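S.K.: Encoded as structure tokens, here's the structure I'll be asking about.
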Amino acid sequence: MDVEARKHIPTAGNEPFLEGIKDCVPTLLGYMSIGFAFGIVGISSQLSIWEIALLSIFIYAGASQFIICALLVTGSPLSAIIFTTFIVNLRHLLLSLTLAPHFTRYSVKQNIGFGLLLTDESFGVAMNKLAQQGKLNNRWMHGLNITAYLCWIAACTLGGIFGHWISNPEALGLDFALSAMFAALLILSLQTVPKNKLTHRLSLVLYMFVAMFVLLHFVPSHVAVLLATVLVATIGVVTDK
Amino acid sequence: MPEVVLKWLSFIPICIFTALIAEHLFIHTTAGVTIHWMYLAVLVPTVLIAIWTKSLSLTVLVGVMLMGTARWLF
């Protein structure tokens, strides 16, 4: 397979870094639309443009950034936000573990670089490249990662500037953007579930609504979110065949 | 990492997303915890749009417009 793969290596000249940038381009529209939406949602969550930019620089994770906004709005303590973000991002551990064997010939510092800027999309593009070429190049990976990272920061900041420019976000329904985003992410996640497991996952969604409804009578909302999630995820493991 | 833990982690996203939606759907009033009907009324078509278009940006756009319209009407 290796010999055949090498015959078909596509190149953008001889510079892998530039090729990494080029391979990132198809995913940029996705990054930018979500990033822009995040900027707007950030504003309606009472964040400043600076805070939006810093979140996109330091967190660099779409779903988590939205979740952080939601938790901030309900006044969750920092520990809860950090813990929730950690759990939600834990899947990156799996993505990195999958890619790591293909970068063993590079230094630890380089690998840290690959891992820090890893996203679901860059993981997908890298796996695709791996299937085409049989191996991955460090400069290519950096080109891919850095392009996505810079676009993300720009999109979030622009969204923030735009959101700030609109004087009354609630009147336009902008505060609903967060919920609409979660609804979309939920549906998209459910659509990737194999058909025979779909009923099980839908039952978990139902249990979540029930758990939240009950818990909200007794505890503050950020506690309800954490408790319900841990509870229902556990039910999920126990009831899954 | 043990299989069970991986499985547990895989359920976290759908649980968290549902929780964050539920957080706005159920509101505290003097009568206790009730359903925010306007929110539900906008949420249902938003979910349908998400299923139909499979697009994050479109869903957010339509959802926001529906909420803006609902606020304006009521």
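S.K.: Round to the nearest 0.05 the FRET efficiency obtained for A:Thr239 and B:Thr30 when R0 = 35 Å and r is the Cβ-Cβ distance.
M.R.: Taking R0 as 35 Å, the efficiency between A:Thr239 and B:Thr30 is 0.40.
S.K.: Does chain B come out rounded, prolate or oblate by the C-alpha gyration tensor, with a ≥ b ≥ c the root eigenvalues, rounded set by a/c under 1.5 and, if not, prolate when a/b is larger than b/c and oblate if not?
M.R.: The shape class here is oblate.
S.K.: Near A:Lys197, within a Cβ-to-Cβ distance under 14 Å, what is the net charge of the other residues, with Lys and Arg +1 and Asp and Glu -1?
M.R.: My count for the surroundings of A:Lys197 gives +3.
S.K.: Suppose only helical runs count, i.e. DSSP H with n ≥ 4. What mean residue ellipticity at 222 nm does that imply for chain A under -39500 (n - 2.57) per run, divided by all residues and rounded to the nearest 500 deg cm²/dmol?
M.R.: Dividing the helical sum by the residues of chain A leaves -25000 deg cm²/dmol.
S.K.: List the pair-distance distribution P(r) of chain A, using every Cα-Cα distance, as the percent of pairs falling in each 10 Å bin from 0 up to the bin containing the longest distance, rounded to whole percents.
M.R.: 7, 26, 31, 24, 10, 2, 0
S.K.: Another one. Can you compute the FRET efficiency between A:Val214 and A:Leu94 using 1/(1 + (r/R0)^6), with r the Cβ-Cβ distance and R0 = 45 Å? Round to the nearest 0.05.
M.R.: Once rounded, the FRET efficiency stands at 0.90.
S.K.: Continuing with this model, one more query. Using the Cβ atoms and a cut-off under 15 Å, what net charge is assigned to the surroundings of A:Thr27, where Lys and Arg are +1 and Asp and Glu are -1?
M.R.: Value of the local net charge: -2.
S.K.: Another question, if that's okay. Which angle from 0 to 90°, rounded to the nearest 10, does the C-alpha axis of helix A:62-73 make with the longest principal axis of chain A?
M.R.: It is inclined by approximately 20 degrees.
S.K.: Need one word for the range A:194-241: rounded, prolate or oblate. Basis is the Cα gyration tensor (sqrt eigenvalues a ≥ b ≥ c); a/c below 1.5 gives rounded, then a/b vs b/c decides.
M.R.: Prolate.
S.K.: Another question, then. Neighbour counts of other C-beta atoms within 10 Å: give me A:Tyr31, A:Tyr149 arranged from fewest to most.
M.R.: Final ranking by Cβ density, sparse to dense: A:Tyr149, A:Tyr31.
S.K.: Something else: Could you give the length gained on full extension between A:Val25 and A:Arg105, defined as 0.36 nm per residue of separation minus the Cα-Cα distance, in nm?
M.R.: Using 0.36 nm per residue and subtracting the Cα-Cα distance, I get 26.1 nm.
S.K.: What is the sum of charges, Lys and Arg at +1 and Asp and Glu at -1, for the other residues whose Cβ falls under 13 Å from the Cβ of A:Gly236?
M.R.: +3
S.K.: Still on this structure, please answer the following. I'd like the orientation of helix A:120-133 relative to chain A: the angle between its Cα long axis and the longest Cα principal axis, in ° from 0 to 90, rounded to 10.
M.R.: 20 degrees
Coordinate-derived values only; no laboratory data. None of the values given here were measured: they were computed from a predicted structure. Positions of Cβ are backbone-derived with ideal geometry, glycine not excepted, and every protein chain shown enters the neighbour counts.
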